[in-house]
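Asker: Have a look at the structure that comes next, please.
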Amino acid sequence: MASVFGHAIVGYTISKVIDSKNLKWLMLAAIFSTILPDFDVIGYRIGIPYESPLGHRGFSHSIVFAVLWSFILMFTIGRKHKLIWFLVIFLSVVSHGLLDAITTGGEGVGFFIPFENSRYFLSTRVIRVSPLSIKSFFTDWGLRVIYSEIKYVFFPCLIVISIRFLFNLRKTQLN
């Protein structure tokens with residue numbers, strides 16, 4: 001998996017690019033939604049095997065889960081701006097699986113669970129897979145993960161946010 005930091009910055013970026021109303025709760029929900037799929041690691045503790053549809057990178061990483069979670073938040077929290085809420089949350093959850101699909105480890109991502117239980121990677125796998133334990137994260141392995149995420153997640157997100165900022169600045173100057 002990519003680290004919690006990599007996932008969170010993508011959720012922040014998605015909310016800042018799509019949400020022109022600057023809704024604070026939406027930004028927090030987007031960040032949380034990018035991390036939510038990895039709550040499936042609890043399955044290890046209760047005996048759910050990795051390759052199970054409910055195992056790590058299974059259903060909680062699927063497109064169906066992204067749709068369901070987006071609808072839940074759209075109808076419960078995002079009452080006034082439903083389409084924006086749905087879009088931001090959906091893209092945030094889907095981004096989690098996409099980032100995991102370009103990591104260097106694991107068994108792939110179950111994008112199509114519950115309809116099809118295969119696990120997939122994308123053809124480019126450049127992000128170092130993150131350790132699952134906090135203790136292991138503060139090692140040389142964790143530093144390599146952070147370096148790869150700076151290169152392939154943080155910098156691209158910074159560029160996208162900068163372009164959005166410049167676009168908004170230009171738009172303000174024209175008005």
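Asker: Does Ile89 satisfy being at pLDDT below 95 and either hydrophobic (A, V, I, L, M, F, W, C) or open to solvent by 20 Å² or more (accessible area, probe 1.4 Å) (or both)?
Answerer: So Ile89 does not fit the description; no.
Asker: Being among the hydroxyl-bearing types (Ser, Thr, Tyr) and within 16 Å of Ile9 (Cα to Cα) is the filter; apply it to the range 123-175 and report the residue that is most open to solvent (accessible area, probe 1.4 Å).
Answerer: That would be Tyr147.
Asker: Same structure again: Just name the residue that is farthest from the chain's Cα centre (by Cα) out of those in the range 92-122 that are crowded, with 16+ Cβ neighbours inside 10 Å and charged (D, E, K, R).
Answerer: For the range 92-122, the residue satisfying everything is Arg119.
Asker: Right, here's the next one. Being in contact (Cβ under 8 Å) with a residue 12 or more places away in the chain, over 26 Å from Phe138 (Cβ atoms) and touching a helix residue (DSSP H, G or I) at 6+ places or on another chain (Cβ under 7 Å) narrows it down to one of Ser3, Ser62, Ser15, so name that one.
Answerer: Just a single option satisfies the conditions, and that option is Ser15.
Asker: Restricting attention to the range 66-86, report how many residues are of a type in the set (S, T, N, Q) and crowded, with 17+ Cβ neighbours inside 10 Å.
Answerer: 1
Asker: Please tell me if Asp40 is within 11 Å of the chain's Cα centre (by Cα) and buried (at least 20 other Cβ atoms within 10 Å of the Cβ).
Answerer: So Asp40 fails the test.
The values are calculated or read from the model by the stated rules, or taken from the named source; none is laboratory data. Every value quoted in this text rests on a predicted model; they were computed, and no experiment measured them. When we count neighbours, we look across all protein chains shown, and the Cβ atoms used for this are built from the backbone with ideal geometry, even at glycine. Quick note on the areas: whole protein, heavy atoms, side chains included, nothing else; ligands and nucleic acids left out. Shrake-Rupley method; radii C 1.70, N 1.55, O 1.52, S 1.80 Å.
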